[in-house]
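A.B. asks: Next up is a structure, given as structure tokens.
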Amino acid sequence: MFTSRSFNKKFGRHTSWGGRGYTPLWPWKACFFTLLGLISSAVLLTAVLLLGNLWKVTSVKVEGTVQYDAEIIAEAAGITKGDGMITFDRGTVAEKLKEDYPLIRSVKLRRKLNGSVVVKVSEETDLYYTCHHSNYYIISAKDLKVLGVSPYGVEYKEYGAMYLGLPEEARIRVGDKITFAYLPYEPVSAPEELATYEIVTGEAEEEYAYVWSFVEAVEKNDALRGRVTGMELGDRYDLYLVFDGHVKIRFGSMKELDKKLELAVTILSRELDGSKMPAVLDVSNIEKCTYREDNELVLPSWAG
């Protein structure tokens, strides 16, 4: 005998479409939730626009600067009193500051409810600098990355950077780590394009590994660290550094470097008595070390 189905069974209100017990929404319910979503979006947009008009910048404060003046960084950030607090992009501001001021390692911006914007800066503090092909480069001591270039080296000395005299084969490019390369030939027609022909090889890196070995050995010496104003590393057989800006210490080659460093520290502790007279300490031959003061000694321009 035929039995008619109820309306609910016929149209599946209690069927498992989409899962057991699922009950599809009636059209008016779907319209209600759609309308509710549109109203919520409109309210949120209105709140954002209202917040943008009412929430203004009242001050810009810079924290963490050492090498740079805080007022200069605040001005360079491009955020001024009266600007909308949500009208500037923090990432864009940070990238611009790092691009314009190479000693800035990281930038964090924080918005406060009272309208204050805090720009927290972290700078590179351990620095080297060098002169290469008439340009001066500032270098991070942490990863040997080249941070910037200048035609003058005075500003880098003011940052407390230590000078490194590097071999001519050093490959120095802003934004890159220092590497070493061979220059296979010099084009006669366009010598200014010499850098185009640099070839970085494993052999070159291995050959000039002594540079960083010497730097590392000096930096690990507690008696020398922080008191060395510069090192000359261009000639592997005539390595030297300047101590306290007035004592030139000659090491010769890398042979028995640890003993030479130990001898240098011992002699310095015995000979230095507060005098700032230029002097030469020669420990290149550990069997015959010499120390002499010479008021007419010409020290490198980077010495002190």
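Where a number appears in this text, it was derived from the coordinates with a stated rule and is not lab data. For clarity, every value in this text was computed on a predicted model and none was experimentally measured. Note that we place each Cβ from the backbone using ideal geometry, even for glycine, and neighbour counts take in every protein chain shown.
A.B. asks: I'd like the chymotrypsin sites (Phe, Trp or Tyr not before Pro) in region 195-304 restricted to DSSP loop residues with at most 14 other Cβ atoms within 10 Å, sorted by number. Before the final figure, lay out the partial values.
C.D. replies: Details: sites: TYR197, TYR208, TYR210, TRP212, PHE214, TYR237, TYR240, PHE243, PHE251, TYR291, TRP302; in loops: TYR208, TYR237, TRP302.
Sparse-neighbourhood loop chymotrypsin sites (Phe, Trp or Tyr not before Pro): TYR237.
A.B. asks: Return the FRET efficiency for the residue pair GLU296, SER106: r is the Cβ-Cβ distance, R0 is 35 Å, and the value is rounded to the nearest 0.05.
C.D. replies: That gives a FRET efficiency of 0.15.
A.B. asks: Taking 0.36 nm per residue of sequence separation and subtracting the Cα-Cα distance, how much length would be gained by fully extending the chain between SER150 and ASP69, in nm to one decimal?
C.D. replies: 27.3 nm
A.B. asks: So, one more: Which trypsin sites (Lys or Arg not before Pro) from region 66-167 combine a DSSP loop assignment with at most 16 other Cβ atoms within 10 Å? Could the numbers behind the result be given before it?
C.D. replies: Values: sites: LYS81, ARG90, LYS96, LYS98, ARG105, LYS108, ARG110, ARG111, LYS112, LYS120, LYS142, LYS145, LYS157; in loops: LYS81, LYS112, LYS142.
Listed in order of number, the matching sites are LYS81, LYS112, LYS142.
A.B. asks: So between GLU219 and ASP235, what do we pick up on full extension, going 0.36 nm a residue minus the alpha carbon distance?
C.D. replies: On the way: separation 16, 0.36 × 16 = 5.76 nm, distance 1.94 nm.
Here the segment from GLU219 to ASP235 would lengthen by 3.8 nm.
A.B. asks: List the aspartates and glutamates whose Cα sits under 15 Å from the Cα of LYS81, skipping any in the same chain fewer than 8 residues away.
C.D. replies: Within reach: GLU71.
A.B. asks: Starting from 0.36 nm per residue, how many nanometres of slack lie between ARG270 and ASN135 once their C-alpha separation is accounted for?
C.D. replies: Details: separation 135, 0.36 × 135 = 48.60 nm, distance 3.88 nm.
Gain on stretching ARG270 to ASN135: 44.7 nm.
A.B. asks: Dimensions of region 201-241 along principal axes (Cα, Å, largest first)?
C.D. replies: For region 201-241, the Cα spread along each principal axis is 35, 18, 13 Å.
A.B. asks: Further question: Within region 215-304, which GluC sites (Glu not before Pro) sit in a loop by DSSP and count at most 11 neighbouring Cβ atoms inside 10 Å? Mind dumping the intermediate values first?
C.D. replies: Values: sites: GLU216, GLU219, GLU232, GLU256, GLU262, GLU271, GLU287, GLU293, GLU296; in loops: GLU256, GLU287, GLU296.
Answer by residue number: GLU287, GLU296.
A.B. asks: For region 80-179, what does the alpha-carbon gyration tensor say about shape, rounded, prolate or oblate, given a ≥ b ≥ c as the root eigenvalues, a/c under 1.5 as rounded, and a/b over b/c as prolate?
C.D. replies: Numbers: a/c = 3.02, a/b = 2.79, b/c = 1.08.
Verdict is prolate for region 80-179.
A.B. asks: Less than 15 Å apart at the alpha-carbon level, and either on another chain or at least 8 residues along: which aspartates and glutamates does that give for LYS145?
C.D. replies: GLU99, GLU123, GLU124, ASP126, ASP176
A.B. asks: Please state the relative contact order of region 59-123 as a whole percent: Cα pairs under 8 Å, 6+ residues apart? Write out the running numbers ahead of the final one.
C.D. replies: Details: 91 pairs, mean separation 27.8, N = 65.
Normalised by residue count, the contact order of region 59-123 is 43 percent.
A.B. asks: List the pairs from LYS248/LYS276; LYS56/LYS96; LYS142/LYS220; LYS61/LYS112 whose alpha-carbon separation is above 19 Å, in the order I gave them.
C.D. replies: On the way: LYS248/LYS276 12 Å; LYS56/LYS96 22 Å; LYS142/LYS220 14 Å; LYS61/LYS112 11 Å.
Pairs exceeding 19 Å: LYS56/LYS96.
A.B. asks: Taking the inverse of the average 1/r across all pairs of different Cα atoms in region 208-304, what Kirkwood radius in Å do you get?
C.D. replies: Details: mean 1/r = 0.0747 Å⁻¹.
Result for region 208-304, one decimal place: 13.4 Å.
A.B. asks: Hey, quick one: spin label on LYS81, modelled 7 Å out along Cα-Cβ, who in region 108-138 has an amide N within reach, i.e. under 19 Å?
C.D. replies: Residues 111-119 fall inside that zone.
A.B. asks: Here's a follow-up. Computed FRET efficiency, Cβ-Cβ of GLU256 and TYR159, R0 51 Å: what is it to the nearest 0.05? Working shown, then result.
C.D. replies: Working: r = 34 Å, r/R0 = 0.66.
For R0 = 51 Å, the calculated efficiency reads 0.90.
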